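Trainee: The structure's right below; bear with me while I get my questions together.
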Amino acid sequence: MLTKRSEWPDDYRWVLDLFLESEESEGVRSLRTPRFIIASRAEKRMLLTTSGNENWTQVIRPWLDREVGK
């Protein structure tokens with residue numbers, strides 16, 4: 001569950017702002033948890049966002065393996 005903006009560390013509030021501006025934050029999709037957000041601090045943009053336990057293994061982990069390496 002996403003907490004209040006004021007509870008996010010100052011250095012990471014921009015990630016929450018980007019997420020809230022995205023389509024992923026709208027409707028039923030916004031209610032699913034846990035929420036995974038991968039963002040680039042250097043580019044100040046979201047790279048990937050998804051939700052649900054199954055998407056950790058099906059989406060996030062393969063992306064991290066591919067982009068960052070094992």
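Trainee: With θ set to phi - 60°, apply the Karplus curve 6.51 cos²θ - 1.76 cosθ + 1.60 along the range 39-49 and write out the HN-Hα couplings as whole Hz, x wherever there is a Gly or Pro.
Mentor: 9, 9, 5, 4, 9, 6, 8, 7, 9, 6, 8
Trainee: Also: Dipole of the chain, Cα-centred, from +1 at each Lys and Arg C-beta and -1 at each Asp and Glu C-beta, to the nearest 20 debye?
Mentor: On the way: 12 positive and 12 negative charges, 32 e Å.
So the magnitude is around 160 debye.
Trainee: Quick one: net charge around residue 55, please, counting Lys, Arg +1 and Asp, Glu -1 for every other residue with C-beta under 10 Å from its C-beta. The partial results should precede the final answer.
Mentor: Values: positive: 32, 35, 61; negative: 54.
Summing Lys/Arg as +1 and Asp/Glu as -1 gives +2.
Trainee: Cα extents of the chain along the three principal axes, largest first, in whole Å?
Mentor: 34, 30, 19
FYI, it's all coordinate maths here, none of it is from the lab. Just so we're clear, the structure is a prediction, and the values are computed from it rather than from any experiment. With ideal geometry, Cβ positions are generated from the backbone for all residues, glycine too; neighbour counts draw on all protein chains shown.
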